[in-house]
Structures are given as structure tokens and as C-alpha cells.
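**Q** Dropping a structure here in C-alpha cells format, bear with me for questions.
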Amino acid sequence: MLTSVPIPKNHPRAQSLFVREKLVEAFRKGVVVPEGLIAHGRGEAFDYILGEKTTDFARKAVRTAAAALILAKKPVISVNGNVAALASDKVIELSKVAGAAIEINLFYRTTKREVAIAKVLRNAGAGQILGVGENASSRIAEMLSERRRVDPEGILTADVVLVPLEDGDRTEALRKLGKTVIAIDLNPLSRTSLNASISIVDNVTRTLPLLTDGVKSLKGKKNIRKIAEDFNNQANLREAFAYLAKRLDKLSRGANDV
Ligand code: PTJ
């Protein structure tokens, strides 16, 4: 515990405070950047409005994402500082079940951080980790940020890329390259959500286990391609906006359990 004041276990927001502590600890270790703490706060705000639960439209996107991962020839899970701090174990489980590679890809890229994040992943049980140091030797020409540096064994040649929790420029660039991009982002208005092929508007910590279960239960089924083809991301995002508007409307009229 890093705070001088311990968090009481019966605090009504204890779980949320523990998660914050986890991120602060990862920040002190150089895994998470200060901007990552800001991003977490933004995520928390959207999660509040969503009701801190996985909605039906998020479940629909998860099922589609599971189908896309099964159909993929070369799926890759992209990991940044926040994801490593919040969900390394969950990323590894999904990578095993979906046969997906794990690649570290950072907006605020330094070799020191790549190594620190690789250590967190290894401690959680990861095998091969792509995108570290000289291995991120390829460049995505369409991009200007440090995220353009990718591993030729990973994101560069992947057909499906899972991008949990990130900024939007890479999603657009990867789509232009013809890749299927699965985003997990609590903000349905973000450029990532608006531009992804499949946008899961939910918390990464809830989504990743659901995605792992989804891949397990769909594997070997006949209708996988149909699930992927029937999905309309823009329609699903509109459901997210309608849900948020309806929930706030009910709350504004005095409902306390919506
Ligand atoms: O580790 P790096 O260097 O790659 O940097 C990572 C951050 C997150 C700092 C970088 O990608 C960034 O600046 O991201 P943004 O533009 O702040 O976007 C992060 C998005 O993730 C926002 O839309 C948040 O609402 C969302 N978000 C935050 N926490 C969660 C989340 N989405 C899902 N689950 C969360 N737990």
C-alpha cells in the first residue's frame, strides 16, 4: 500500500480506490506515465455514467470481437502502460486462448518503459513479447507519433489488432492499412471508438475476461463468420449513445437504480 492513509475495506468506493493505487504504484515504477493517470480519470468518469457494468451493446461487441479473433490469421494484442498495470494477467490469458501475440506499443515510448512493461508482463507469465527495443524496427508511414514504431513480427503484419485503451491516431492508421481494429475504450466519443472496426465501450478489466470466455465458447462453432459479418459498429455505437442519454434522463427524473 503506497498511501500513508490505508483504504478502509468497507469504503463504498474501495475497489475503485484500490485500482487507483495500482496505477499510482505502476506510475512510480515507470510503467504508467502521468498522462496515463489522467486517462484513467477520464475512463472512471465514463464508467460512472455507464453504471460501472458491462452493457448489452458492449456484450454484442465482445462477441463479435471474439469471432474476429478466432477468424484471424495473425491476431496481436497491443499493450501500453495502463493495460500492463491494470490487466497483465488478463491479457496473457486472452493471448493464450486466442493464439494472439502480445506487442508493447507506447505513445510515450522510451526503452526504459518498454523494458519495465515487459518485466510486468513476464512476471505475470507472458512468453514472447514483441515490440521491445530494436525489435520495433518497422514504421507505419501514416503516423507521426512514437506509436508508428512496430514489430515486423507483430502489428505490422497482423490482420486483427486489439487495442485496449489508447489514443486515436493509430486506430485510423491501422484501418487505412486494411487491418481489423478491436478497441476497448470507455469513451464512445473517442477517435479510437469512432474509428475502430469493433468498438467495445467498457472497462478493460471487465472486457478482457469476457473476451477470453467468448473465444472459448465460440471456438469450433459454425456461425462465427456470420457473427462477424452481421455486426454494425456504427449502429452499436449509436446504441451506446442512446443508453447513456436514457440513463441520464432517468436519473434526472429521480430514479436511483437504473
Ligand atoms: O502507455 P502509453 O505511453 O502508450 O500511454 C497510454 C495513454 C493511455 C496515456 C495514451 O494512450 C493516451 O494518452 O490515451 P488517451 O488519449 O488519454 O485515451 C485513453 C482512453 O482510454 C480514454 O478514452 C479513456 O476514457 C479510456 N480509458 C481509460 N481507462 C480505461 C479506458 N477504457 C477502458 N478501460 C479503462 N480502464
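The values are calculated or read from the model by the stated rules, or taken from the named source; none is laboratory data. This structure is a prediction, so every number in the text was calculated from the model and none was measured. Every residue, glycine as well, gets a Cβ built from its backbone with ideal geometry; the counts of neighbours run over all protein chains shown. Heads up: the accessible areas ignore ligands, DNA and RNA and are worked out on the full protein's heavy atoms, side chains in. Shrake-Rupley method; radii C 1.70, N 1.55, O 1.52, S 1.80 Å.
**Q** Could you check SER145 against (1) closer than 30 Å to PRO188 by Cα; (2) loosely packed, with under 15 Cβ neighbours inside 10 Å; (3) hydroxyl-bearing (Ser, Thr, Tyr) and say which number it fails?
**A** Among (1) closer than 30 Å to PRO188 by Cα; (2) loosely packed, with under 15 Cβ neighbours inside 10 Å; (3) hydroxyl-bearing (Ser, Thr, Tyr), the lone unmet condition for SER145 is (2).
**Q** So the check is Cβ under 6 Å with 6+ separation or different chains; which pairs have a first residue in the stretch 99-110 that's over 11 Å from ARG149 (Cβ atoms) and of a type in the set (Gly, Ala, Ser) and a second one that's within 14 Å of the ligand (Cβ to nearest atom) and not in a loop (DSSP other than H, G, I, E, B)?
**A** So the pair list comes out as ALA100/ILE77.
Here is a yes/no grid of residues against (1) of a type in the set (A, V, I, L, M, F, W, C); (2) closer than 15 Å to ILE200 by Cα; (3) at pLDDT below 95:
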{"site": "HIS11", "(1), (2), (3)": "no, no, yes"}
{"site": "SER16", "(1), (2), (3)": "no, no, yes"}
{"site": "ARG28", "(1), (2), (3)": "no, no, no"}
{"site": "HIS40", "(1), (2), (3)": "no, no, no"}
{"site": "PHE57", "(1), (2), (3)": "yes, yes, no"}
{"site": "LYS60", "(1), (2), (3)": "no, yes, no"}
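**Q** Another question, if that's okay. Residues in the stretch 125-142: is at least one hydrophobic (A, V, I, L, M, F, W, C), surrounded by 18 or more Cβ atoms within 10 Å (Cβ to Cβ) and either touching a residue at least 60 places away in the same chain (Cβ under 8 Å) or in a helix (DSSP H, G or I) (or both)?
**A** No, there is no match, as no residue in the stretch 125-142 is hydrophobic (A, V, I, L, M, F, W, C), surrounded by 18 or more Cβ atoms within 10 Å (Cβ to Cβ) and either touching a residue at least 60 places away in the same chain (Cβ under 8 Å) or in a helix (DSSP H, G or I) (or both).
**Q** Consider LEU162 against the criteria (1) touching an Asp or Glu at 6+ places or on another chain (Cβ under 9 Å); (2) in contact (Cβ under 8 Å) with a residue 60 or more places away in the chain: it satisfies all of them except one. Which criterion is unmet?
**A** In the conditions (1) touching an Asp or Glu at 6+ places or on another chain (Cβ under 9 Å); (2) in contact (Cβ under 8 Å) with a residue 60 or more places away in the chain, LEU162 misses (1) alone.
**Q** How many of the residues in the stretch 210-246 are touching a helix residue (DSSP H, G or I) at 6+ places or on another chain (Cβ under 7 Å) and part of a helix (DSSP H, G or I)?
**A** 17
**Q** May I pose another question? For the structure I just gave you, tell me whether ILE117 is closer than 17 Å to ILE70 by Cα, under 17 Å from the mean Cα position of the chain (by Cα) and not hydroxyl-bearing (Ser, Thr, Tyr).
**A** Considered against the rule, which asks whether it is closer than 17 Å to ILE70 by Cα, under 17 Å from the mean Cα position of the chain (by Cα) and not hydroxyl-bearing (Ser, Thr, Tyr), ILE117 comes out as no.
**Q** Going through the stretch 162-186 one residue at a time, which ones are crowded, with 20+ Cβ neighbours inside 10 Å and within 8 Å of the ligand (Cβ to nearest atom)?
**A** Selection gives PRO164, LEU165, GLU166, ILE184, ASP185, LEU186.
**Q** Hey, can you tell me all the residues within the stretch 5-21 that are exposed (fewer than 14 other Cβ atoms within 10 Å of the Cβ), in a loop (DSSP other than H, G, I, E, B) and among the aliphatic types (A, V, I, L, M)?
**A** Result: VAL5, single match.
**Q** For residues that are farther than 22 Å from LYS112 by Cα, within 11 Å of the ligand (Cβ to nearest atom) and without any contact (Cβ under 8 Å) to a residue 12 or more places away in the chain, tally how many sit in the stretch 12-68.
**A** Adding up the residues that qualify gives 2.
**Q** Give the stretch 195-231 a look and list any residue that's surrounded by fewer than 21 Cβ atoms within 10 Å (Cβ to Cβ), closer than 17 Å to VAL160 by Cα and within 13 Å of the ligand (Cβ to nearest atom), or say none.
**A** ASN195
**Q** For the stretch 31-64, name all the residues that are open to solvent by less than 30 Å² (accessible area, probe 1.4 Å) and on the phi > 0 side of the Ramachandran plot.
**A** GLY51 - this is the single residue of the stretch 31-64 that is open to solvent by less than 30 Å² (accessible area, probe 1.4 Å) and on the phi > 0 side of the Ramachandran plot.
**Q** So how many residues does the stretch 92-124 have that are more than 14 Å from the ligand (Cβ to nearest atom), part of a helix (DSSP H, G or I) and open to solvent by less than 80 Å² (accessible area, probe 1.4 Å)?
**A** Summing the residues that are more than 14 Å from the ligand (Cβ to nearest atom), part of a helix (DSSP H, G or I) and open to solvent by less than 80 Å² (accessible area, probe 1.4 Å) in the stretch 92-124 gives 5.
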